[in-house]
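The values are calculated or read from the model by the stated rules, or taken from the named source; none is laboratory data. Everything numeric here is computed off the predicted structure, so don't read it as measured data. So basically every Cβ, Gly included, is an ideal-geometry build from the backbone, and we count neighbours across all protein chains shown. Side chains are part of the model used for accessible areas, which takes the heavy atoms of the whole protein and leaves out ligands, DNA and RNA. Shrake-Rupley method; radii C 1.70, N 1.55, O 1.52, S 1.80 Å.
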There are 2 protein chains.
Amino acid sequence: MPVNQNMPFPASPADAHAGDVLLADVTRGGRVESRHYGAAAVVDAMGRTVFAAGDVATAIFPRSTVKALQALPLLTEGAAERFALPDTALALACASHQGEPEHVAVATDMLARAGYDDGALECGVHWPLDSVAARALAAGGLPARALHNCCSGKHAGFVCLSCAGGHDPAGYVGAEHPVMQSVSRVLAAVTGIAHTRENQGTDGCAIPTWAVPLDSLALAFARFATGQGLGEARAAAAARLRAAIAANPFMIAGTGQFDTRVMEALAPRVLTKMGAEGVMVVALPAQGLGIAVKCRDGGVRAAEAAAAALIARFGKEDSPVLRHYMRRTLFNWNGQPVGELRASSDLAGGCLPESSS
Amino acid sequence: MPVNQNMPFPASPADAHAGDVLLADVTRGGRVESRHYGAAAVVDAMGRTVFAAGDVATAIFPRSTVKALQALPLLTEGAAERFALPDTALALACASHQGEPEHVAVATDMLARAGYDDGALECGVHWPLDSVAARALAAGGLPARALHNCCSGKHAGFVCLSCAGGHDPAGYVGAEHPVMQSVSRVLAAVTGIAHTRENQGTDGCAIPTWAVPLDSLALAFARFATGQGLGEARAAAAARLRAAIAANPFMIAGTGQFDTRVMEALAPRVLTKMGAEGVMVVALPAQGLGIAVKCRDGGVRAAEAAAAALIARFGKEDSPVLRHYMRRTLFNWNGQPVGELRASSDLAGGCLPESSS
C-alpha cells in the first residue's frame with residue numbers, strides 16, 4: 001500500500017535521548033513484540049566511569065532508588081540510636097515495600113518508638129501493592145491506610161528523624177522542614193549535584209526530588225557501597241544501612257520483588273534498589289562500583305533485566321535469580337510459554353543465559 | 001567525570017525501529033521524566049495511507065485490538081441468531097473487560113445460551129483487572145474464575161460459535177479447531193495478511209495470534225468502520241458489531257478504561273480498542289478511516305495518548321475525554337500535581353490542549 005513520507009524523527013528534546021541503547025526486549029512466537037531503550041552507567045567511588053551506554057549525562061529523577069541515601073541522617077543525626085531502631089526498621093526506611101503485614105508491623109513500631117501513629121504519615125494512602133495483601137485486607141473488612149503506602153517506612157523514618165532533632169514532624173514533607181533540609185544536604189553531597197529550582201520535582205510520596213545525571217547517581221552508590229568520599233560519619237552510617245538491608249531483603253520490597261529476590265540470593269555482595277519510572281541502582285561493595293540504569297520509557301521490567309545483566313557482568317556474579325531476570329520465559333494465563341523477556345546481550349557482555357522460568 | 005565512549009547503538013534488529021517517533025512523554029517538575037516511542041498509521045478503506053509515523057511496515061502482534069474482527073463469525077456463521085445473543089453479549093465478545101460483575105453476568109449468560117458454563121472456557125483464570133472488583137470478590141470469600149479473565153466474553157463467543165457450527169467446543173483455542181480456523185480466515189481476509197508459521201504467536205488467552213504490519217491493521221479497521229472490502233455478509237456483521245459496541249461501551253472494557261470513557265462520549269462516531277503491549281486501534285466510520293498505534297515499549301499510557309491525539313485530528317473531534325488523554329496532569333498519593341502525561345504535539349497536528357485533570 002502507498003505510504004506517504006514518514007514524520008521526521010521528533011526534534012530536540014526527544015533527540016536528547018536518540019543515543020539511548022537497547023536495554024531489553026520482549027518476544028512472542030520468536031518475534032520481537034516490544035523493545036525498551038535507555039541508559040546505564042557503572043562508576044567507581046573516584047568517579048571513574050567503568051561503563052556507560054546511552055545518555056548518562058541528562059539529569060533524571062532517581063525516584064525511590066535514593067531511599068538508602070535519604071536514610072543516612074537517621075544514623076548521622078542520632079535518631080536510630082535515640083529510638084533504638086532495629087535493623088528491620090532501618091531496612092524498611094530504605095524500602096519501597098508491597099504493603100504486606102510484616103512491612104506494616106515494622107512501620108507501626110517505628111512510629112510508636114517516636115511516640116506517634118500513622119496519623120503522622122504524610123505519604124498518602126493507597127492499597128497494598130501486593131495484590132494478595134490487598135485482597136486479604138479487603139477480605140478482613142479493613143481499609144487501606146498510609147501504613148500500606150510503599151513509602152511508609154521511609155516516612156516513619158522521617159518522623160523519627162524529626163523527633164530526634166526536637167522538631168514537630170508536622171509538615172516534614174515540605175522542602176523547608178528541617179528533615180527535608182537534612183535529606184537534601186545528604187543527597188546533594190553524595191551525588192555531587194547541587195539542588196536548585198531547576199532540577200527539583202515532587203515525588204510520588206509528596207517529598208521533593210532532584211534530577212541528577214545517571215552517572216552521578218551511579219557514583220553516589222559507589223560511594224554508598226564503599227564509604228569512600230562520604231566522610232567518616234556518613235561512611236559508618238552507610239555501612240550500618242548496607243548491613244541492615246542485606247540482613248532484611250524482604251523489608252526492602254516484598255514477595256516476588258526484584259530487590260528482595262536478588263538480595264536474598266546475593267546480599268551483602270550485591271545491594272539493589274528499584275525506583276519508579278524504570279530507574280534501578282546497584283551497589284557492589286567488593287568491586288567498589290555503583291550502577292545506575294534508566295529505562296527511558298519508565299519500564300520496570302527492562303530496568304530489572306538490564307540491572308541483572310550488569311550485576312552478572314561487573315559484579316562477576318552467576319546465580320539463578322540473575323539468569324531469571326536476564327532472560328526468562330513468559331507464560332500466558334494457561335501456563336503456556338508464549339515468549340521471552342531478554343536483557344540486551346550488549347549489556348550482558350555479548351552473551352545471554354538459556355531462558356529460564 | 002570522565003566517560004568512556006558510549007556503547008554503539010545496537011545493530012539490527014533494534015535498528016529496525018530506529019525510525020520510530022515520539023508518541024508521548026511524561027514530565028515531573030517541568031522536566032521530561034520518561035518518553036515513549038512507536039508508530040502510528042491512519043489508512044482509508046481503499047488502503048490509502050493518510051498518515052504514517054514511525055515504522056508502520058514491520059509486523060506487530062495486534063493482540064486484543066482485533067477482537068471485533070474475531071467476533072465477525074458470530075454473525076456470519078449464525079451463532080448470534082441461533083442463541084439470540086443480545087447486543088451486550090456481542091459487545092462483550094469484542095471486549096477486554098475488567099472482570100466487573102456486569103461483565104461476568106453477561107459472559108455467564110452467553111455460555112448458558114449455548115448450554116455450557118465457565119467450565120468450557122479455555123482462557124485461563126485470573127483475578128479481575130479492576131482492583132475494586134478484585135477486592136470485592138475477596139471480601140465475599142469468592143475465588144477468581146475464568147469468567148473474570150479479561151477475554152472471557154470473547155471465549156464465551158467462541159463456545160457459542162462452536163456449538164452453532166455443531167462442533168464440540170473442547171479444544172476451541174487450538175489452531176486446528178473449526179472455531180480458530182474461522183477466526184484465522186476472517187483475520188487474514190480483513191487485514192490482507194496471510195497467516196503462516198513465520199508470523200504466528202500465542203496470545204495471552206491461549207489462542208493463536210498473527211503479526212501484521214501496522215498499516216494493514218489500520219486498513220482492517222477502515223474496512224470494519226465502513227464495510228468496504230469486506231463482502232456483504234461481513235459488512236453486515238461489522239455494522240451490527242459497531243452498533244452493539246457503541247451501545248455498550250462499558251461492556252468493551254469497564255470502569256475508568258480508555259475504550260469505555262472515549263466511546264461513552266464519542267460512539268458511534270468513534271470506536272476504539274486497546275490491546276496488550278501498547279497497541280490501539282480506532283475506527284472512524286464517518287471519515288472512513290482506520291487508525292492503528294503501536295507503542296514500541298508496550299506502554300499503554302502512550303498508546304492511549306497517541307490514539308486520542310489522532311482521533312481529535314483525523315476524526316475532527318473535540319471533547320473533554322480526548323483532551324484528558326492527550327494531555328493530563330499527574331497527581332501523587334496526596335493529590336498534589338507532580339507532572340503531566342502528554343501526547344506528542346506532532347501527532348496532534350502541532351498543538352496540544354491545556355492540561356486537564
If I ask for residues that are more than 10 Å from chain B (Cβ to nearest Cβ), open to solvent by 10 Å² or more (accessible area, probe 1.4 Å) and of a type in the set (A, V, I, L, M), which ones from the stretch A:191-220 would you list? A:Ile193, A:Ala194
Inside the stretch A:290-318, the number of residues satisfying the requirement of being more than 14 Å from chain B (Cβ to nearest Cβ), open to solvent by 10 Å² or more (accessible area, probe 1.4 Å) and not in a helix (DSSP H, G or I) is 3
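Out of the stretch A:130-165, which residues are among the charged types (D, E, K, R) and under 23 Å from the mean Cα position of the chain (by Cα)? Give the derivation first.
Step one: of the stretch A:130-165, the residues among the charged types (D, E, K, R) are A:130, A:135, A:145, A:154.
Passing the criteria: A:Asp130, A:Arg145, A:Lys154.
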Looking at (1) out of contact with any helix residue (DSSP H, G or I) (no Cβ under 9 Å at 6 or more places or on another chain); (2) of a type outside the set (A, V, I, L, M, F, W, C); (3) within 12 Å of chain B (Cβ to nearest Cβ), which is the one condition that is false for A:Glu232? (3)
Can you find even one residue in the stretch A:110-117 that is of a type in the set (Phe, Trp, Tyr), open to solvent by 60 Å² or more (accessible area, probe 1.4 Å) and under 20 Å from A:Gly171 (Cβ atoms)? yes
Which numbered condition B:Gly349 fails, given (1) more than 19 Å from B:Val270 (Cβ to Cβ); (2) in a loop (DSSP other than H, G, I, E, B); (3) not β-branched (Val, Ile, Thr): (1)
Positions within the stretch A:156-189 being of a type in the set (A, V, I, L, M), within 20 Å of A:Phe221 (Cα to Cα) and open to solvent by 10 Å² or more (accessible area, probe 1.4 Å), in sequence order: A:Leu187, A:Ala188, A:Ala189
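Could you please let me know if B:Arg223 is facing another protein chain (nearest Cβ under 9 Å), buried (at least 18 other Cβ atoms within 10 Å of the Cβ) and basic (Lys, Arg)? Spell out the reasoning first.
Details: facing another protein chain (nearest Cβ under 9 Å): no; buried (at least 18 other Cβ atoms within 10 Å of the Cβ): yes; basic (Lys, Arg): yes.
When the stated conditions are applied, B:Arg223 does not pass them.
Looking at the structure I just gave you, is B:Ile252 in contact with a Cys (Cβ under 7 Å, 6 or more places away or on another chain) and open to solvent by less than 10 Å² (accessible area, probe 1.4 Å)? Step through it out loud before you land on a result.
Values: in contact with a Cys (Cβ under 7 Å, 6 or more places away or on another chain): yes; open to solvent by less than 10 Å² (accessible area, probe 1.4 Å): yes.
Considered against the rule, which asks whether it is in contact with a Cys (Cβ under 7 Å, 6 or more places away or on another chain) and open to solvent by less than 10 Å² (accessible area, probe 1.4 Å), B:Ile252 comes out as yes.
Name the residues in the stretch A:262-274 that are open to solvent by 20 Å² or more (accessible area, probe 1.4 Å) and not in a loop (DSSP other than H, G, I, E, B), would you? I'd like the intermediate steps shown before the answer.
So the first thing to find is which residues in the stretch A:262-274 are open to solvent by 20 Å² or more (accessible area, probe 1.4 Å), and the list is A:264-265, A:267-269, A:274.
Across the stretch A:262-274, the qualifying residues are A:Glu264, A:Ala265, A:Met274.
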Matching residues in the stretch B:123-136 (assigned to a loop (DSSP other than H, G, I, E, B), surrounded by fewer than 22 Cβ atoms within 10 Å (Cβ to Cβ) and within 9 Å of chain A (Cβ to nearest Cβ)) number 4
Taking A:Asp55, is it of a type in the set (Asp, Glu) and at pLDDT below 95? yes
Single residue of B:Ala306, B:Ala276 found to be under 15 Å from B:Tyr37 (Cβ atoms), among the hydrophobic types (A, V, I, L, M, F, W, C) and touching a residue at least 12 places away in the same chain (Cβ under 8 Å): B:Ala306
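Is it true that B:Ala283 is in contact with a helix residue (DSSP H, G or I) (Cβ under 6 Å, 6 or more places away or on another chain), within 14 Å of another protein chain (Cβ to nearest Cβ) and under 25 Å from B:Leu74 (Cα atoms)?
On the way: in contact with a helix residue (DSSP H, G or I) (Cβ under 6 Å, 6 or more places away or on another chain): yes; within 14 Å of another protein chain (Cβ to nearest Cβ): no; under 25 Å from B:Leu74 (Cα atoms): yes.
Spelling it out, it is not the case that B:Ala283 is in contact with a helix residue (DSSP H, G or I) (Cβ under 6 Å, 6 or more places away or on another chain), within 14 Å of another protein chain (Cβ to nearest Cβ) and under 25 Å from B:Leu74 (Cα atoms).
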A:Ile245, sole failed condition from (1) open to solvent by 50 Å² or more (accessible area, probe 1.4 Å); (2) modelled with pLDDT of 95 or more; (3) of a type in the set (Val, Ile, Thr): (1)
Looking only at the stretch A:16-53, and only at residues there that are at the interface with chain B (Cβ under 7 Å from one of its Cβ atoms), of a type in the set (Val, Ile, Thr) and open to solvent by 10 Å² or more (accessible area, probe 1.4 Å), the one that is farthest from the chain's Cα centre (by Cα): A:Val32
Which members of the stretch A:319-346 meet the condition of being within 14 Å of chain B (Cβ to nearest Cβ), open to solvent by 60 Å² or more (accessible area, probe 1.4 Å) and not in a loop (DSSP other than H, G, I, E, B)? A:Phe331, A:Pro337, A:Arg342
Only unsatisfied item for A:Gln70, checking (1) under 20 Å from A:Arg185 (Cβ atoms); (2) touching a Ser or Thr at 6+ places or on another chain (Cβ under 8 Å); (3) not β-branched (Val, Ile, Thr), is (2)
Every residue in the stretch A:54-97 that is among the polar types (S, T, N, Q) and within 14 Å of another protein chain (Cβ to nearest Cβ), please. A:Thr58, A:Ser64, A:Thr65, A:Ser96
